[in-house]
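Structure, as structure tokens:
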Ligand SMILES: *Cc1c(COP(=O)(O)O)cnc(C)c1O
């Protein structure tokens, strides 16, 4: 008998549904050679230098990791030109979303979350017992003025996913500057830049540029996307040392494993691989945009490695049909866009497989 008394704010959380691994989908549908364009992963695999660094670290797995991630912190602070005390690593940037919420929120507090966006923010806020204040996007972009209009004495945190997942739209530097100046400095701004490496628009608000003047800002980055290490689980936050210090107090002491630290160091040293990834993604996005344009299919141009496509019919049905054709995409029904799918740019042959599947479905 399950007799535990679970707080209401935990009972009310809808679980995060992750994209299924390729192998599981293939087993379930009895297909082979499928392509996955559903989780915004790096289609090139991990950097060879990251793999080599992990190999070396394997022989020291009997030892606990460096709990302070000394070398990675030093190297990354040089790479980003930020103080060592501003950095904190997490078991993916997911963990940092949780730690920030845990450090700053309690029941009665409010956190403003644009909708739709990355689903982890709402889960992390609810887990603390604080109240998520959900605010619709305007024209698929984050509406900073609307956020300012919803700030109350209870507001403690605002989440800005930039570029926003799943729409791929960005917040621009000039509007972000006015936003930060208008916001009470007691409200924390969490900027999630999981896709920053892919952004081409020069107007993009790079959160780190605002850190020296705004100590209520926390910028999250990850090795999961452009650096190709989603399976390794390592991300980082850059913020005022006072805020980083709070998170260090509550994080598990070995939250970045020794393999994760080694892999991140290897990946960081392979900027050539990063550039190759970014170029592959840009070329793939341009190719997909052109092919959809030729077909008269509407899509939302994006600054990330993924974008939304208006399929003009039930996205859940399209998702199922695509699966049977061996192409895994993400239906946006649970994000409130029941006729949109999201795909990420893959290898050229994967992009072609997607277009072929789309053509098959459209001519049915
Ligand atoms: C993929 C993604 C992340 C990355 O999470 P990790 O835990 O670092 O793998 C964070 N934020 C957004 C918006 C994402 O799409």
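The values are calculated or read from the model by the stated rules, or taken from the named source; none is laboratory data. Quick caveat, the model's predicted, so the values are computed rather than measured. Reconstructed Cβ throughout: ideal geometry from the backbone, glycine too, with neighbour counts over all protein chains shown.
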- line: Given (1) outside the structural domain of residue 163 (by TED's automatic domain parsing); (2) over 23 Å from residue 359 (Cβ atoms); (3) assigned to a helix (DSSP H, G or I); (4) touching a helix residue (DSSP H, G or I) at 6+ places or on another chain (Cβ under 7 Å), residue 277 misses just (4)
First in segment 323-348 and at positive phi, second anywhere and in a loop (DSSP other than H, G, I, E, B) and buried (at least 18 other Cβ atoms within 10 Å of the Cβ), Cβ under 7 Å, 6 or more apart: 326/34; 336/116
task: Identify the single condition in (1) within 16 Å of the ligand (Cβ to nearest atom); (2) without any contact (Cβ under 8 Å) to a residue 60 or more places away in the chain; (3) assigned by TED's automatic domain parsing to the domain that holds residue 354 that residue 98 does not satisfy, given that it satisfies every other one.
output: (3)
- prompt: Since residue 68 meets every condition but one in (1) within 29 Å of residue 306 (Cα to Cα); (2) not assigned by TED's automatic domain parsing to the domain that holds residue 329, which condition does it not meet?
  reply: (1)
Odd one out for residue 53 among (1) in contact with a helix residue (DSSP H, G or I) (Cβ under 9 Å, 6 or more places away or on another chain); (2) over 20 Å from residue 250 (Cβ atoms); (3) in contact (Cβ under 8 Å) with a residue 40 or more places away in the chain; (4) not assigned by TED's automatic domain parsing to the domain that holds residue 138: (4)
- request: Those residues that are closer than 13 Å to residue 90 by Cα and touching a helix residue (DSSP H, G or I) at 6+ places or on another chain (Cβ under 8 Å), I need them from segment 232-248; list them, please.
  value: 232, 233, 234, 235, 236, 237, 238, 244, 247
query: residue 18 fails exactly one of the following numbered conditions: (1) under 25 Å from the mean Cα position of the chain (by Cα); (2) surrounded by 13 or more Cβ atoms within 10 Å (Cβ to Cβ). What is the number of that condition?
result: (2)
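Search segment 158-179 for residues being part of a helix (DSSP H, G or I) and crowded, with 20+ Cβ neighbours inside 10 Å, and hand back the single one that is farthest from the ligand (Cβ to nearest atom).
Filtering segment 158-179 for residues that are part of a helix (DSSP H, G or I) and crowded, with 20+ Cβ neighbours inside 10 Å, the one farthest from the ligand (Cβ to nearest atom) comes out as 179.
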- prompt: Out of all the residues in segment 190-226, which are within 15 Å of the ligand (Cβ to nearest atom) and free of Cβ contacts under 8 Å to residues at least 60 places away in the same chain?
  reply: 191, 193, 196, 207, 219, 223
field: In segment 237-257, the residues that are crowded, with 24+ Cβ neighbours inside 10 Å and within 13 Å of the ligand (Cβ to nearest atom)
entry: 237, 256
query: What do you reckon, is residue 260 in the same structural domain as residue 76 (by TED's automatic domain parsing), touching a residue at least 40 places away in the same chain (Cβ under 8 Å) and away from the ligand (no atom under 15 Å from the Cβ)?
result: no
message: Could you go through segment 283-293 and let me know if any residue there is more than 15 Å from the ligand (Cβ to nearest atom) and not in a helix (DSSP H, G or I).
response: no
message: Considering only segment 135-157, I want to know if a residue exists there that is within 12 Å of the ligand (Cβ to nearest atom), in a strand (DSSP E or B) and within 19 Å of the chain's Cα centre (by Cα).
response: no
task: Working carefully through the options 131, 117, 73, find the one that is in contact with a strand residue (DSSP E or B) (Cβ under 8 Å, 6 or more places away or on another chain), closer than 14 Å to residue 248 by Cβ and either assigned by TED's automatic domain parsing to the domain that holds residue 207 or surrounded by fewer than 20 Cβ atoms within 10 Å (Cβ to Cβ) (or both).
output: 73
- request: Check whether at least one residue in segment 295-313 is part of a helix (DSSP H, G or I), farther than 30 Å from residue 89 by Cβ and in contact with a helix residue (DSSP H, G or I) (Cβ under 8 Å, 6 or more places away or on another chain), and report yes or no.
  value: yes
query: Out of 88, 54, 112, which single residue is within 14 Å of the ligand (Cβ to nearest atom), crowded, with 19+ Cβ neighbours inside 10 Å and either over 15 Å from residue 267 (Cα atoms) or modelled with pLDDT of 95 or more (or both)?
result: 88
